[in-house]
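Asks: Okay, here's the structure, questions in a sec.
The values are calculated or read from the model by the stated rules, or taken from the named source; none is laboratory data. Worth saying up front: this structure is predicted, and the values here are computed from it rather than measured. Virtual Cβ from ideal backbone geometry, glycine too; neighbours counted across all protein chains shown.
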Amino acid sequence: MPSTARWPRRVVIAVAFTLTLLAMAVPAEAHPYGYPQTVTIAADAARPEVVHLTWKAGGVDELTLLGVHLGLLPQDRVLLDGAVDTRDSDGTVLASSTQFASYLLRQLTLSSDGHACAGTVGKASDLAASGVDVGYTCPGPVGVARIEVRMLSDLDPAYRTVATGPQGKRQVYGADAYSHDWVLGDVPAAVASGASDVGHDRATAWKVAGSVGPLLLLAAVVALLRHQVRRRRVAHARPS
């Protein structure tokens, strides 16, 4: 039988193992530098053939980096140590450029029934605060839309985008999943289930991992503390 002196080390190993599992279970930061960029997906209430995607950057630094990437801002706005020299006007510079509009249409694409839908970039009054709307017109009413999001992935593949669609459904776009099918109109139940279950199940899995992981870690730490208390009690109870 192993001695009680070895138990604390085993519990410590268990804690380390739990931390490893937790690191594996919880996805990396949705974007490399802070808050995640987002995309809101909505069908047009008046025109069933139109779908709107509203993209919003996670921070002004992303707009600055993208402006430098597109040649709209000087290279020295990104310092040698990686820091970004942001300006309040960076969003205005991007929003008024054709390069930015072309970039949006390359990185955000939408298709329906196997046909690509034409996108039109709307006017952004405040790109940093409200984002920008891109309207996609499809050949006919949209039931299921295949939406691909690659925003900023050419700057760094670690960038991710949190997309929110009808009824609060969500999907995280990233290097492991740039494409997802969204149910936006009337379609057969079987088709709707097949299009939405994958993203829903993946999001649910992340939520479960994110909530169970800390509980396992807490349980391991509590077990370690309890064992140490028991050892001390046993040591004090032994006759001298």
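Asks: Examine region 102-111 for a residue that is among the polar types (S, T, N, Q) and over 18 Å from Val68 (Cα atoms), and state whether such a residue exists.
Replies: yes
Asks: Here's something else I'd like to know. Among the candidates Gly135, Gly67, Gly71, single out the residue that is in a helix (DSSP H, G or I) and at pLDDT 95 or above.
Replies: Gly67
Asks: Return the residues of region 143-156 that are closer than 17 Å to Gln171 by Cβ and either assigned to a loop (DSSP other than H, G, I, E, B) or β-branched (Val, Ile, Thr) (or both); say none if nothing qualifies.
Replies: Scanning region 143-156 gives Val144, Ile147, Val149, Arg150, Met151, Leu152, Ser153.
Asks: Something else about it: Please determine whether any residue of region 102-118 is in contact with a helix residue (DSSP H, G or I) (Cβ under 6 Å, 6 or more places away or on another chain), surrounded by 16 or more Cβ atoms within 10 Å (Cβ to Cβ) and part of a loop (DSSP other than H, G, I, E, B).
Replies: no
Asks: Going through Ala163, Ala158, Ala145 one at a time, which residue ends up being touching a residue at least 24 places away in the same chain (Cβ under 8 Å), among the small types (Gly, Ala, Ser) and touching a Cys at 6+ places or on another chain (Cβ under 9 Å)?
Replies: None of the other options fit; the residue is Ala145.
Asks: Which residue, of Tyr178, Tyr159, Tyr173, is modelled with pLDDT of 50 or more, surrounded by 15 or more Cβ atoms within 10 Å (Cβ to Cβ) and in contact with a Leu (Cβ under 7 Å, 6 or more places away or on another chain)?
Replies: Of the residues listed, the single one that is modelled with pLDDT of 50 or more, surrounded by 15 or more Cβ atoms within 10 Å (Cβ to Cβ) and in contact with a Leu (Cβ under 7 Å, 6 or more places away or on another chain) is Tyr159.
One line per residue, one yes/no per condition, for (1) out of contact with any His (no Cβ under 9 Å at 6 or more places or on another chain); (2) without any contact (Cβ under 8 Å) to a residue 12 or more places away in the chain; (3) over 27 Å from Thr64 (Cβ atoms); (4) in the same structural domain as Gly59 (by TED's automatic domain parsing):
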| position | (1), (2), (3), (4) |
| --- | --- |
| Gly114 | yes, yes, yes, yes |
| Ala118 | yes, no, yes, yes |
| Gly122 | no, no, no, yes |
| Asp126 | yes, no, no, yes |
| Gly131 | yes, no, no, yes |
| Gly135 | no, no, no, yes |
| Gly140 | no, no, yes, yes |
| Ser153 | yes, no, no, yes |
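Asks: Now for a different question. Which of the numbered conditions does Arg77 fail, given that it passes all the others? Conditions: (1) of a type in the set (D, E, K, R); (2) modelled with pLDDT of 80 or more; (3) exposed (fewer than 12 other Cβ atoms within 10 Å of the Cβ).
Replies: If we test Arg77 against (1) of a type in the set (D, E, K, R); (2) modelled with pLDDT of 80 or more; (3) exposed (fewer than 12 other Cβ atoms within 10 Å of the Cβ), just (3) comes out false.
Asks: Select from region 47-64 the residues that are of a type in the set (A, V, I, L, M, F, W, C) and at pLDDT 95 or above and write down the one among them that is farthest from Gly135 (Cα to Cα).
Replies: Only one residue tops the list, namely Leu63.
Asks: Further question: Step by step: first the residues of region 49-104, then only those that are of a type in the set (Asp, Glu) and in contact (Cβ under 8 Å) with a residue 12 or more places away in the chain, then the one that is farthest from Val183 (Cα to Cα). Which residue is that?
Replies: Looking at the filtered set, the residue picked out is Asp85.
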